[in-house]
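The values are calculated or read from the model by the stated rules, or taken from the named source; none is laboratory data. Bear in mind the structure is a predicted one, so any value in this text is a computation, not a measurement. Note that we place each Cβ from the backbone using ideal geometry, even for glycine, and neighbour counts take in every protein chain shown. The protein model used for the area step is the full one, side chains on, heavy atoms only, and it has no ligands, DNA or RNA in it. Shrake-Rupley method; radii C 1.70, N 1.55, O 1.52, S 1.80 Å.
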Amino acid sequence: MPGDNDIKIDVFKDLLYDAVREHGSESRLFTQSDLLDLNVIPDRDVLLLVKVVQALTADKLLVATREGSTLAWRWRSREEAKKYTSFPNDETMLVYTVIDEAGRDGIWNRTIKNKLKMHESLVKNAIKYLETKGFIEPMKNNVEHPNKKMYIKANLKPSERATGGPWFTDGELDTAFVEELQELVFDYIKTKSAYLSTHIPMSGGGGGGGGATRAPKKGVIRGAAPSTTAPGEDTTRGTKRSATEISNDSSPIMQNSALPPRSAPSATPAPAHTSSRNARKVFLPLPAGYKQYPTVTEIAQLIDRAGVTNNTTLSEADIQQLVDVLVFDGRVEPIKVNGRKGYRVTRAVKQDTQSFSKRRETNPDCVSGAPPIPNGLMEAPCGRCPVFDICVEGGPVSPSTCIYFPRWLGIEQAPPAVSKEVTAS
């Protein structure tokens, strides 16, 4: 019959096990001080605690590990503990323990063999038994180690490190998905970090018939005269707004401004003296001190509301990766104002005012972003000439007999004098 001491340990064993489950997940590590702080062991009796912990460890309900140089324990579920008591031999238990400790990252079969210093046949037999019982399963679509045979516990979902996260599908990079999201993020940053304006070029000359109104020779008209202002007509034309006013969408100047809002052209009809045919939409950079540049959090909320990711959930860290790629490509740049880190488009004036999806309807090969900065040398034929190194007068290739310059200048045929020289040579 069990003695009173054994009954006492069994009682405290159940109490301590229930306490650690209530105070942390399976991944939390409990040190000796943590276990005593649970107030299960009376009088903080260390000797009694050691006996209780040894009993729980023998039942596979506690797993000993190290947190730095300190001994610690983590708890294991009763269902999982039953598996350890059902293994046919110690080798199988050791193999399962190593796979269990690997967690969601999985482990390579050769790593199991080297870690346990066990013969390969014993490792294979143990893995075969565990697979048959449904305790473990091979990892599929492992992006990190595609050519290695990895194993993971059957009830665990592989980590994003192993599967590649939301950017991979069936072990392959989903480039179409990534590009679609990148363009959506870029268009959002573009419309929120630049001012969409309708530019109407001034046309000179006089005359009637709806021509342009002449500008006064002296002075500058700033706003409409009070006597000629129609009801509801804008009276803030010519007023320079500060960055604070532009940042505040509820500002009276923002509401009554003759300029259109950032993301859409103005709905106010153009004055009679202007021509809508000459109007041209263009993005303008916002003034210094503007505070409402889009942040990663706002971009993540946009993606969530748009519903373009189907069943894939994207975190802010995932969106940050997309934005970082746009930064590395030079299409957007980070900007920090008053401790708020946002992003704005680069070279705003050169950006297309249409969204990428609309432009792709008419031109499937279109590329988003500003056009590359022109380089005079690369525009000229010499900058891209495949025989540049041997081009010299009197040689097999010379500037006077170059066939690329007429093509670049739009001349279909070379001048007659050059043709004679080519024939003579």
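In the full protein context, the range 2-153 carries 59 Å² of accessible surface per residue, based on a 1.4 Å probe and ignoring ligands, DNA and RNA. Straight Cα distances below 24 angstrom link Lys350 to the lysines Lys190, Lys192, Lys240, Lys281, Lys291, Lys336, Lys341, Lys358, with same-chain residues fewer than 8 positions distant left out. The mean of 1/r over all pairs of different alpha-carbon atoms in the range 2-153, once inverted, gives a Kirkwood hydrodynamic radius of 17.2 Å.
Sort Lys281, Lys291, Lys117 by heavy-atom solvent-accessible area, probe 1.4 angstrom, most to least. Can you show the working numbers first?
On the way: Lys281 100, Lys291 80, Lys117 180 Å².
The most accessible residue leads, giving Lys117, Lys281, Lys291.
Cross-link partners of Lys82 among aspartates and glutamates, defined as those whose alpha carbon lies under 12 angstrom from its own and excluding same-chain residues fewer than eight positions apart: Asp59. By accessible area, using a 1.4 Å probe on protein heavy atoms only, the range 1-156 has 48% of its surface on carbon and sulfur.
Applying both filters, DSSP loop and at most 12 other Cβ atoms within 10 Å, to the trypsin sites (Lys or Arg not before Pro) of the range 39-91 eliminates every site. By the Kirkwood approach, averaging reciprocal distances over each pair of separate Cα atoms, the range 49-111 gets a hydrodynamic radius of 13.0 Å.
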